[in-house]
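One structure is given below, encoded as structure tokens.
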Amino acid sequence: MKKGTVINTQLSQVIADMGHFDLLGIGDAGMPVPEDTWKIDLAVSKNLPSFIDVL
């Protein structure tokens, strides 16, 4: 359930489509993920926003 506003439209759509047992991971640019994983880049520029700001 979305309780607030998410500025990024792609991220907002993913959250809205999530079900009870779905998982969402948050990682920085160095996190290794499989090629077929759906990724949403939230960066405006390098290190902006910071990882902690996103959390």
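Bear in mind that the values in this text are calculations on the coordinates, not laboratory data. Being a predicted model, the structure only gives us computed values, none of them experimental. Heads up, the Cβs are rebuilt from the backbone with ideal geometry, glycines too, and the neighbour counts pull from every protein chain shown.
Each Lys and Arg adds +1 at its Cβ and each Asp and Glu adds -1 at its Cβ; summed about the Cα centre, the chain shows a dipole of about 240 debye.
Projecting the Cα atoms of GLY27, GLY4, VAL44 onto the dipole axis of the chain, where Lys and Arg carry +1 and Asp and Glu carry -1 at the beta carbon, places GLY4 farthest toward the positive end.
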